[in-house]
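Encoded as structure tokens, the structure appears first; notes follow it.
The values are calculated or read from the model by the stated rules, or taken from the named source; none is laboratory data. On a predicted model such as this, the values are computed, not experimentally measured, just so you know. Counting neighbours? That spans all protein chains shown, and the Cβs are built from the backbone with ideal geometry, glycine included.
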Amino acid sequence: MTFTLKSYKHPPGKRPLFLAPLLLFLGIVSFSQYPMTVSSALVDGQAKIAVTANLVLLPVKVTNARGTFVSGLKLEDFRVYEEGKLQNLTVFEQGDSPVTVGLVVDHSRSMGSKLPGVVIAVSTFAHSSNPQDEMFVVDFNDDVSIELMKGKAFSSDSKDLEKALAAVSARGQTALYDAVNEGLNHLQYGRWGKKALVVISDGGDNASHLKYSQVLLKARQSQVLIYSIALLGAQEEEENPKVLQRLCKDTGGVAFFPGPKDRVADISKEIARDLREQYTLGYVPQNASGTGSFRKIEVKVTAPEYGKLHVRTRPGYSPTADKQAPSQPRSETR
């Protein structure tokens, strides 16, 4: 394990024990604005913090027949079903709420000629986002590194993000799944309840320790939206855009595949706009005593005055141990 003020690296799938104290010291950790139970205790001389959050949050995009976002809907216009059972909504937000966003950037050898487009994508995204959004950068090739920006693990400054991107050159193989996994880990330390990853890659993976199924399970448990910008064209033998498309669809996000004439900056703006044009619905599952299997979610909107509407959200989630048994929260040593 190595650590500098610029970045930290660690084995895939394992969180370094120094991370939580570091984040707390930097003053960037605060709990979500959404309901949760927090308890702490001193066990065997070590501090243990248990967080139980059995609230399911759904980012919901509603568009009309022209594909335009429909604003002005009310709580009573929405119906949310989990495994076919109507749920009681306890959270309803509309408008531009802040987001914690991880930018997962491929710096493997196959991305060498595409890196200028990557810098443009990240810079444009930062400029188009809510000023309160907090962002971080995950660089990856053979290794996975979360870049610290001026000693901070989150930033809203596009210049900080650009410098983080310039810290790693294009080399080595591609550990895409490991990088997404670490991005999901880091999102847990963000201050906002709404969280997303934006993956900029060609979709190839030839160096990860984790499998797609493991990363998908974690994404479904963490209730994170995943978007992607697939930069294709140089090393076709290492490209696998279908992986990015599937990951986004399985989490409620969107995969973008810019063509030769498409501007990556425009796609970045579209992702930023998509995150800002969403409703956030939340509920505590009424059937929370089930197993840890995937739970299907369906969101319906009834608003005849707007005509035929299209609803996009995540297809469901996989409950963690906390969600299955809220009375017995899981404790983790930090």
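Here are some notes:
- Selection within region 55-104 - touching a residue at least 40 places away in the same chain (Cβ under 8 Å), closer than 30 Å to residue 125 by Cα and of a type in the set (Val, Ile, Thr): 56, 60, 62, 63, 70, 91, 99, 100, 101, 104
- Set 103, 89: member being under 17 Å from residue 275 (Cβ atoms) and touching a strand residue (DSSP E or B) at 6+ places or on another chain (Cβ under 6 Å): 103
- Single match in 219, 265 (criterion: in the same structural domain as residue 123 (by TED's automatic domain parsing), surrounded by fewer than 20 Cβ atoms within 10 Å (Cβ to Cβ) and hydrophobic (A, V, I, L, M, F, W, C)): 265
- Elements of type strands (runs of 3 or more DSSP E) in region 246-334, at least 1 residues being at pLDDT below 80: 331-333
- Strands (runs of 3 or more DSSP E) (entirely within region 84-151) containing at least 2 residues that are modelled with pLDDT under 95 and within 26 Å of residue 175 (Cβ to Cβ): 100-106, 134-140, 144-147
- The residue that is nearest to residue 148 (Cα to Cα), counting only those in region 95-125 that are among the charged types (D, E, K, R) and surrounded by fewer than 20 Cβ atoms within 10 Å (Cβ to Cβ), is 109.
- Residues in region 150-161 that are buried (at least 17 other Cβ atoms within 10 Å of the Cβ) and among the acidic types (Asp, Glu): 160 alone.
- The single condition among (1) surrounded by fewer than 24 Cβ atoms within 10 Å (Cβ to Cβ); (2) at pLDDT below 90 that residue 184 does not satisfy is (2).
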